[in-house]
Amino acid sequence: MWQRPRTQHIVVCNGCRTPGNFPFSKKQYIGNQVGVGSTYFLEHLLVQDYTQYHEDALTVLEVEAARRLGERNLWAFLGCYYLDGGGEKTLGAGGIRFTDFDGTATISETTIGGAGTGVDLQNCSGTFTFSDTNITDTSGVAFNVEGGSAMVAFTGLIAQSNNAAAVSVSGGHTGTLTFTPGTEGDDVVSATGGTGLQFAAAHGTYTFGQVTLNGGDAGIDITGGSTGTFAFSSGSITNPIGTAVTIDGGTATVSLGTTIENNADHSVVVQNMTGGTIAFSYGITDTGTGVSLHDNSDTTITFSGLLDLNTGANDAVNLANNTDSTITFNGVTIETTGGQGFAATGGGTVVFAAGTTNTISTTTGIGLHLDGVTIGNDGMSFESISVNGAANGILLADVTGGTIGVGASGAAAGDGGTLANTTGDAVSATNVADLWLNYMTISGAGGDAVHVVHNDDNASWVTINQTNLSGFAGQGVELAATGAGQMTFDLTTNTFSGSTGEESILLNIDDSAKTVLMTIADNTVNNGAGYSALALNVAGTGSSNAKTVTTLIDGNTFTNDSATAATADISNTAWGALNATVTDNTLNNADAGGTECRIVSNAATATVFLNLNGNIAGSGGGTYDLTNTAGTFKVYNLADVGTNNSGTVNQTGSLTNSTTAPPTP
């Protein structure tokens, strides 16, 4: 009498000999022949450890789909061999295997487990429906599709705790696979071991309900130049031993609705893409090695949830060489020790969604590093950036597009972060389209506190506001503007103190610089190193380098202690005009033989146009030296300049009166 066998797998193959040609000595017939084009239903089949019941038989339950004279016959046998070319051939372990199958098959209320592969579709183009199917802890891949264009609708659960994939699709598959849980809200895939969901050269459409990947190396890998569409509606990926999500090559469209929690390798790697759209809908928590997106082109990547990254010695976010790609973030909270906080280099557009909160805190890792990238129209706004002991706190070069802003919502210095004890410049910004530093504390820089270079043809605007700068070995703020693009530079309501190096504020305008607009207002600047508190030098020769520099220096308190360096030292030796409005400042040089303010024109092609009004020098006993060695020196209301300022105004050379004030920025 036949009893329900326990078997390891089901095999479906095309091209087998007809059932009548098989020896039945080791098979038990459990199916019926059906008509052409009809569907065979296999119900209530428990597939598990067949050999416990039939030790003398091979361990396969074989379902054959034989094509003969245009007919399609579906048969089921116990046993594991069929005649192939006159010889007997055994099939390897597995659950349900279809090979070169182009018909229609439905399997319902079926449980598959044990050794081998659960479901194996090899180069199939048929349509498969799995209803109320459970695949549990197979030693091989639980659900495997290789090649073909099979259409699959799976309802049930795939559970994997062994060291194998829950789902694997490879070999250039182009069909549609849909995986739906048996009960809404339950998992359709649950992996506590193995490698999770694996796709290589997968070019079809793949849709998953809730997936829970928690254990082993269970993540999602889409590799091998895949061009398909992948949707994972919900679920979670938790602490795989490898990378949680890897997308490598191809032009895939991926929508990932799972949360990601990672404590080992990378949470996300996207690399070598040549197109496609990748969307992460929910937050990512990473205490491993962070997010790495590199060597992609023409790819759109979006993180819609918060990235909460604490990656120790590893970079938290590293974007590199993403040519013509757009990468969007909706909030980052970053902590590292030696790793960089947020690094984006080598091309692409970086977008921070408006209204999001973003913070970076590192020790010896660079906090923010941008080089050769474009910032999106909404800008890149950070509530704070802090480092302690890094080479640089903020390192920027050749950054175009929107505004990079730090500390805009602050109320006091330090709210925007603290850049402490950097071995080089605390902030280094070269050819940055738009940078705003607000409410920061910058202390103990081994180089400049803020070093700004502009040497290209693009416009640049840098603003430093409500920031405390102290203990810098170089300058407090240094600007080197030599590029033809317009430079706008604003220093407002900052405090400079404890300099151990050179000038507190050094502004050099030279070479190809054409138009420079500067506002230096309401700052408190104390230089204790024997240099000027403020030095502004305009230089450059040749009519092709003719320049117009317009500056407003207003409401500041400048202090220094030097017999040779004026408290505020301003000169024009260039081919071009310096429009200087110097008003309502307090200037003190602690050296009795020093001067508080020196303004010089010293080139035949130079013009100084000055408004000097409302200033106090040396508590009223200081001096202003206005000198025209060469060129043109015009002073607004020259006759009243001595009475309009507190202190002694010394005039050397030819100074002429102007009845109109110079332009301001």
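Quick rundown of the values:
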quantity	calculated
Set I247, I237, I260, I241: member being of a type in the set (A, V, I, L, M) and part of a loop (DSSP other than H, G, I, E, B)	I241
Residue within the range 128-146 that is at pLDDT 80 or above, farther than 24 Å from G194 by Cα and surrounded by 24 or more Cβ atoms within 10 Å (Cβ to Cβ) present	yes
Members of the range 383-405 found to be of a type in the set (S, T, Y) and part of a strand (DSSP E or B), listed by number	S384, S386, T400
Out of A590, A535, A529, A577, sole residue that is more than 21 Å from T623 (Cβ to Cβ) and touching an Asp or Glu at 6+ places or on another chain (Cβ under 7 Å)	A529
Residues located in the range 268-282, provided they are over 14 Å from G228 (Cβ atoms) and hydrophobic (A, V, I, L, M, F, W, C)	V268, V269, V270, A279, F280
Leading residue by the ranking (nearest to the chain's Cα centre (by Cα)) among those in the range 178-197 that are in a strand (DSSP E or B) and surrounded by fewer than 24 Cβ atoms within 10 Å (Cβ to Cβ)	S190
Residue within the range 335-342 that is under 25 Å from N458 (Cβ atoms) and either touching a residue at least 40 places away in the same chain (Cβ under 8 Å) or part of a strand (DSSP E or B) (or both) present	yes
Hey, S168 more than 30 Å from T311 (Cα to Cα), of a type in the set (G, A, S) and either over 24 Å from the mean Cα position of the chain (by Cα) or open to solvent by less than 50 Å² (accessible area, probe 1.4 Å) (or both) or not	yes
Per-region count, the range 370-385, residues in contact with an Asp or Glu (Cβ under 9 Å, 6 or more places away or on another chain) and under 24 Å from D295 (Cα atoms)	6
Within the range 499-530, tally of residues that are surrounded by fewer than 24 Cβ atoms within 10 Å (Cβ to Cβ) and either in contact with a helix residue (DSSP H, G or I) (Cβ under 6 Å, 6 or more places away or on another chain) or part of a loop (DSSP other than H, G, I, E, B) (or both)	11
Failed criterion for N162 (all others in (1) part of a strand (DSSP E or B); (2) of a type outside the set (F, W, Y); (3) modelled with pLDDT of 95 or more hold)	(1)
Single match in A150, A166 (criterion: farther than 16 Å from G204 by Cα and in contact with a Gly (Cβ under 7 Å, 6 or more places away or on another chain))	A166
N377, sole failed condition from (1) surrounded by 24 or more Cβ atoms within 10 Å (Cβ to Cβ); (2) over 18 Å from A343 (Cβ atoms)	(1)
Criterion: in a strand (DSSP E or B) and under 29 Å from G485 (Cβ atoms) - qualifying residue of T548, T559	T548
Members of the range 473-494 that are under 30 Å from the mean Cα position of the chain (by Cα) and part of a loop (DSSP other than H, G, I, E, B)	G483, G485, Q486
Residues being of a type in the set (A, V, I, L, M) and open to solvent by less than 10 Å² (accessible area, probe 1.4 Å) - total across the range 198-213	3
Subset tally (residues that are open to solvent by less than 10 Å² (accessible area, probe 1.4 Å), touching a His at 6+ places or on another chain (Cβ under 8 Å) and β-branched (V, I, T)) for the range 401-430	1
Unmet requirement for A408, which otherwise passes all of (1) over 25 Å from T500 (Cβ atoms); (2) among the aliphatic types (A, V, I, L, M); (3) not in a loop (DSSP other than H, G, I, E, B)	(3)
Wholly enclosed strands (runs of 3 or more DSSP E) of the range 579-644 bearing at least 2 residues open to solvent by less than 10 Å² (accessible area, probe 1.4 Å) and among the β-branched types (V, I, T)	597-613
Given (1) without any contact (Cβ under 8 Å) to a residue 40 or more places away in the chain; (2) within 13 Å of F179 (Cβ to Cβ), index of the condition G126 fails	(2)
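Matching residues to (1) at pLDDT 95 or above; (2) open to solvent by less than 30 Å² (accessible area, probe 1.4 Å); (3) hydrophobic (A, V, I, L, M, F, W, C); (4) touching a strand residue (DSSP E or B) at 6+ places or on another chain (Cβ under 6 Å):
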| site | (1), (2), (3), (4) |
| --- | --- |
| Q271 | yes, no, no, yes |
| F280 | yes, yes, yes, yes |
| V291 | yes, yes, yes, yes |
| T300 | yes, no, no, yes |
| S304 | yes, no, no, no |
| D308 | yes, no, no, yes |
| N314 | yes, no, no, no |
| N318 | yes, no, no, yes |
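The values are calculated or read from the model by the stated rules, or taken from the named source; none is laboratory data. As the structure is a computational prediction, the values presented were derived from the model and not from experiment. Quick reminder, even Gly has a Cβ in these numbers, built from the backbone with ideal geometry, and neighbours come from all protein chains shown. For the accessible areas, the whole protein counts, side chains as well, though only heavy atoms, and no ligand, DNA or RNA atoms are used. Shrake-Rupley method; radii C 1.70, N 1.55, O 1.52, S 1.80 Å.
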